[in-house]
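The values are calculated or read from the model by the stated rules, or taken from the named source; none is laboratory data. All figures in this text were calculated on a predicted structure; none of them were measured in a lab. No Cβ is skipped: glycine too gets one built from the backbone with ideal geometry, and neighbour counts run over all protein chains shown. Side chains included, ligands, DNA and RNA excluded: accessible areas come from the protein's heavy atoms. Shrake-Rupley method; radii C 1.70, N 1.55, O 1.52, S 1.80 Å.
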Amino acid sequence: MTATVSLEEHFEHTIERDQRIEPRDWVPEGYRKTMIRQIAQHAHSEIIGMQPEGNWITRAPSLRRKAILLAKVQDEAGHGLYLYSAAATLGADRADLTDKLITGRQKYSSIFNYPTLTFADVGVIGWLVDGAAICNQVPLCRSSYGPYARAMIRICKEESFHQRQGYELLMTMMKGTEQQREMVQEAVNRWWWPSLMMFGPPDADSPNTAQSMAWKIKRHTNDELRQRFVDMSVPQASALGVTFPDPELKWNAERGHYDFGAVDWDEFKNVLKGNGPCNASRIAHRRRAHEDGAWVREAAVAHAAKKEHK
Amino acid sequence: MSELTSEGGHGAVPLEGVPAAPGTVKHDWPLYEVFVRGKRGLNHVHVGSLHAADDQMALHHARDLYTRRNEGVSIWVVRAADITASSPDEKDPFFAPSGDKVYRHPTFYDIPEDVPHI
């Protein structure tokens, strides 16, 4: 090879050939910033995502459910750490990212600003919220950024357990009393629309998607993924014996997809702005955990230094 | 709402106005890289990184983080600062010595098809 290939051409060429970008590769500043933001807020979502379900660990109805829920919440912590580790390869630092989270400068998914009122919410989060996350995350396993794609592969394998335990939990409740069935239906009513919001605003309102698709850090548009999720969920709901709170939801033979009603984007924007039911308490809880743990982190450093000097 | 996309797994989060540049908060625990042997007969493979105060804690964290489902029979941890790496961007000069030695690969040699087991 004689010609000097410019860094930018090399980057474009790597993307074109569907090869992965790796940590020390030169990347355009926009790509680096977009990836750091995307990975950081994904990590923050996993970390904050421990809270809604963690709320039920001490009150799980059986030892079996408690063990499952503990494992699931531990997985969420693990997912957060895989992702902070991926962000670190782009020059971001975990302590710094945590600081940006607890000072509200970086965001997390608005889905975690909704409360878990009954144990049925735990099941519905596994089924619908984790189901929606799987729809988003499976294509991310082919993200052009290698460390992120690899983290997503690990995460997707574990998410499958999350979704199935949730669905099984709901099936068990549906076989119970009338009151339990009502509890499940009410939880479904609460989470259905926020789950659809997880895919983001309609494509017409998402101009950034084009750049992200070109860089292959996004593989499908918001509307494509939302439709896929709706199509997957409807048969699962009827197998379970629940309905979704949408009178316009019906099969469209011509399109080969389910039609569904309009999402309330005002609610979505409002929750993002910080006015959701749990925004303040989620951040306050995370901040408290971080500050309460400071002495442990410091003591571990002091202990390590002492051992080194012996 | 133009700044929102569904990137980031768990849903749409604003991208615009969100800082991505490194801040001033410094990590108090060093970064370790983690390598796991999946099962006997395989090499250790890099799986990711983590922070720990010392080597022993790094091993424990690696077990908890990367082998929750029997993904490994052996773990190596090494401080990231102690790794010397070639950079993928230096691929051409650094890997050039092997690039033109096609005779190191079995497919370089034409063997008649009727010669068995070769």
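Can you tell me what percent of all Cα-Cα pairs in the stretch A:1-137 are more than 19 Å apart?
Summing the P(r) of the stretch A:1-137 above 19 Å gives 59 percent of all pairs.
Could you order B:39, A:157, A:107, A:72 so the one with the most accessible surface comes first? Probe is 1.4 Å.
If we order B:39, A:157, A:107, A:72 from most to least accessible, we get A:157, B:39, A:107, A:72.
Over the heavy atoms of residue A:119, what accessible area does a 1.4 Å probe trace out, to the nearest 10 Å²?
Number for this one is 20 Å².
Determine the share of chain A's accessible area contributed by carbon and sulfur atoms, expressed in whole percent, with a 1.4 angstrom probe.
Looking at chain A in its full context, I get 56 percent from C and S.
Given all pairs of different Cα atoms, what value in angstroms does the Kirkwood hydrodynamic radius of the stretch A:197-246 take?
About 12.4 Å, per the Kirkwood formula over Cα pairs.
Rank A:239, A:132, A:71 by mean-square fluctuation in a GNM of chain A with C-alpha springs under 10 angstrom and give only the top-ranked residue.
Top of the fluctuation ranking is A:239.
Which length gain, in nm to one decimal place, applies between residue A:210 and residue A:10 when the Cα-Cα distance is subtracted from 0.36 nm times their residue separation?
In short, 69.9 nm is gained.
Evaluate peptide B:40-49: per residue, the Cβ atoms of other protein chains within 10 Å of its Cβ; return the mean as an integer.
Neighbouring Cβ atoms belonging to other protein chains average 3 per residue here.
What average count of beta carbons from other chains do you get within 10 Å of the Cβ of residues in A:81-88?
Per residue, the average neighbour count from other chains is 5.
What is the Å³ per residue value for the convex hull set by the Cα atoms of the stretch A:239-310?
245 Å³
Run the 1.4 Å probe and let me know the accessible area of residue A:190, rounded to the nearest 10 Å².
80 Å²
In deg cm²/dmol and to the nearest 500, what is the mean residue ellipticity at 222 nm of the protein assembly as shown if only DSSP H runs of at least 4 residues count, each as -39500 (n - 2.57), divided by the residue total?
Calculated at 222 nm, the ellipticity per residue is -16500 deg cm²/dmol.
Can you put A:246, A:223 in order of accessible area, largest first, using a 1.4 Å probe?
A:223, A:246
Would you mind working out the accessible area per residue for the stretch A:147-219, using a 1.4 Å probe, and quoting it in Å²?
Value for the stretch A:147-219: 43 Å² per residue.
Using r as the Cβ-Cβ distance of residue A:275 and residue B:79, and R0 as 45 Å, what FRET efficiency do you calculate, to the nearest 0.05?
Efficiency, rounded to the nearest 0.05: 0.50.
Over the protein assembly as shown, what portion of Cα pair distances is larger than 43 Å, expressed as a whole percent?
Beyond 43 Å sits 19 percent of the P(r) for the protein assembly as shown.
What accessible area, in Å² to the nearest ten, does a 1.4 Å probe give for residue A:243?
Probe radius 1.4 Å; accessible area of residue A:243 about 90 Å².
Please give the contour-minus-distance gain from residue A:179 to residue A:254: 0.36 nm per residue of separation, less the Cα-Cα distance, rounded to one decimal in nm.
My answer for the length gained is 23.1 nm.
Quick one: check the C-alpha center-to-center distance for the stretch A:237-262 versus the stretch A:14-45, whole angstrom.
After rounding, the separation between the Cα centres reads 36 Å.
Show A:195, B:74 ordered by accessible area, largest first, where the area counts protein heavy atoms only and the probe is 1.4 Å.
Listed by decreasing accessible area, they come as B:74, A:195.
Distance between the C-alpha centers of the stretch A:141-199 and the stretch A:266-306? Whole Å please.
So the separation of the two Cα centres works out to 24 Å.
If each residue of separation counts as 0.36 nm, what is the full-extension length gain between residue A:142 and residue A:117 once their alpha-carbon separation is subtracted?
5.4 nm is the gain from fully extending residue A:142 to residue A:117.
Within the stretch A:280-309, whose backbone N sits under 18 Å from a point 7 Å along Cα→Cβ of residue A:103?
A:283-292, A:294, by backbone N distance to the label point.
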